[in-house]
Amino acid sequence: MDPWLSVIIVALSYLCGMGVYNYFIIPLGATYYRNALVSFLYYLSASILLLKFFGASYIEAYTGMRQGAQIALAALTLALLITPQILKRFSSYPRISREYPRIATLSFRYPFVLAKTGEIMFQQICVVLLVFALADIYTSISVIAVSYALVFGAMHAPLFLVLRARFAVAFTLAAFASGFVIPLLVLLVEGGVIYSFVLHWSFYIALAYFIYLNNGRFFLPVPRQAT
């Protein structure tokens, strides 16, 4: 397959996968904090379909995984198990979780962890396939990194249609910045796909801690007072 066609297919698969969830699955009542198993199964199904199309090249990315990647994955699992319990102990948790119940990242309860894991799994498949496609086009790792940053950043533009502007900006900038890390991990580091997954999840963990530690400033609007 032509590499540029692969880039287009991966980008469209990502946009369609995320778009179908936001515009069709959520209206049916499945979110990251309610019916989370349905959300996880949706992303799992989307991932399987994508792997059916690009399976061989993706499976190759797992060859050579060493102990370091396994330790990183174990550390992430531990963090996901304890973070919901830790966040509940912050004094800002009752207020923020009550005032912003529909911002999934803030809930960070176990249903959210399940659904978000499915989403990140789907996104990471798209990410790795995008890196592989760009590597078939360019030989310079720096050019691959910049190209990835531009493409993956642009793929996040629709977030401005479904998220608060500050969250959309944060996620889009993070996607752009990941271009200078993810391609290097995937192409140059053994087990880099696992490190990429761990890094992706770690961003959301760090974001949740940041929001609760600073009492919701910057990301969250001040709720309107009742009159």
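The values are calculated or read from the model by the stated rules, or taken from the named source; none is laboratory data. All of these numbers come straight from a predicted model, not from anything done at the bench. Note that each Cβ is placed from the backbone with ideal geometry, even for glycine, and that neighbours are counted across all protein chains shown.
What to note about this one:
- The residue of the range 185-194 that is nearest to residue 205 (Cα to Cα), among those that are in contact (Cβ under 8 Å) with a residue 40 or more places away in the chain and surrounded by 18 or more Cβ atoms within 10 Å (Cβ to Cβ), is 194.
- Residue list for the range 136-164, filter: among the aromatic types (Phe, Trp, Tyr) and farther than 19 Å from residue 123 by Cα: 138
- Odd one out for residue 204 among (1) crowded, with 20+ Cβ neighbours inside 10 Å; (2) without any contact (Cβ under 8 Å) to a residue 60 or more places away in the chain: (2)
- Any helices (runs of 4 or more DSSP H) falling wholly within the range 98-175 and containing at least 3 residues that are under 12 Å from the mean Cα position of the chain (by Cα): 110-137
- Members of the range 123-165 found to be touching a Phe, Trp or Tyr at 6+ places or on another chain (Cβ under 7 Å), more than 21 Å from residue 31 (Cα to Cα) and not hydrophobic (A, V, I, L, M, F, W, C), listed by number: 147, 153
- Residue within the range 146-154 that is at pLDDT 90 or above, hydroxyl-bearing (Ser, Thr, Tyr) and either over 19 Å from residue 199 (Cα atoms) or in contact with a strand residue (DSSP E or B) (Cβ under 6 Å, 6 or more places away or on another chain) (or both) present: yes
- Members of the range 1-19 that are in contact (Cβ under 8 Å) with a residue 12 or more places away in the chain and more than 15 Å from residue 154 (Cα to Cα): 3, 4, 6, 17
- The range 152-183, subset crowded, with 17+ Cβ neighbours inside 10 Å and in contact with a Gly (Cβ under 8 Å, 6 or more places away or on another chain), residue farthest from residue 4 (Cα to Cα): 172
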